[in-house]
Amino acid sequence: MRYTRSVMKKLIALTFMAVLFIASCKEDDIGDIMSVYNLTNKEMPTYTHKTVDMTGTTKTGGTVNGYYKGKDLRKATLEFFFDTGRTYSEFYFDDGELVMMVQQKFHYNRPYYYDEDRARANNDTEWYDDSKSEKMMTRCYFKDGDMIKWVDDNKLNRLPDTKEFANQQKQVIADAESIKKMLNEAQ
């Protein structure tokens, strides 16, 4: 089938408009999610709080915190500590559904217990210094149980039609469900 030049231009224009429409819908969704994020953090002082101690989960432990507006879990945080770093994750919920996850990973320049005295005893000129920690951040946005956007440690938007995207979605949802379960089972 042969297309005239004007028909091809119209098809290209329609395709471009469809892509822009889809992108703008996602950005509208991100705006809604950021509103939940901002409101949740603004209202946090009014929320009830529950903590679960994760001692024994890693060598140096961790905690899970839940923040509730009434009986509605609005935010959960998960923090794990390791000899050479820590991970801090925040999960945001709206009407019981996961809408956002923000994760910060810190990789220490030396183990946290490697102080100046230990370094000098080992003829080392560098010891633990939190200001030298490498920080990486990941953000994932969800709508209706699906991840709609993933910004990775390199601040790159990851493509949704990849195996990595699907694996990330599955892992974040599993983590959120696990945290909700831990908080529900806590006294």
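Of the residues making up the stretch 52-60, at least one is over 20 Å from the mean Cα position of the chain (by Cα) and not in a loop (DSSP other than H, G, I, E, B).
Just to be sure, is Tyr88 under 15 Å from the mean Cα position of the chain (by Cα) and of a type outside the set (A, V, I, L, M)? When the stated conditions are applied, Tyr88 passes them. Within the stretch 168-187, being in contact (Cβ under 8 Å) with a residue 12 or more places away in the chain and either surrounded by 17 or more Cβ atoms within 10 Å (Cβ to Cβ) or out of contact with any strand residue (DSSP E or B) (no Cβ under 9 Å at 6 or more places or on another chain) (or both) holds for Gln168, Gln169, Val172, Ile173, Asp175, Ala176, Ile179, Lys180, Leu183. If I filter the stretch 68-87 for residues that are of a type in the set (Gly, Ala, Ser), in contact with a helix residue (DSSP H, G or I) (Cβ under 6 Å, 6 or more places away or on another chain) and at pLDDT 95 or above, do I get at least one hit? Within the stretch 68-87, one or more residues are of a type in the set (Gly, Ala, Ser), in contact with a helix residue (DSSP H, G or I) (Cβ under 6 Å, 6 or more places away or on another chain) and at pLDDT 95 or above. Applying the criterion of at least 2 residues that are in contact with a Leu (Cβ under 8 Å, 6 or more places away or on another chain) to the strands (runs of 3 or more DSSP E) found wholly in the stretch 83-187 leaves 85-94.
The values are calculated or read from the model by the stated rules, or taken from the named source; none is laboratory data. Because the structure is a prediction, the values reported are computed rather than measured. Here Cβ is always computed from backbone atoms with ideal geometry, including for glycine, and neighbour counts include all displayed protein chains.
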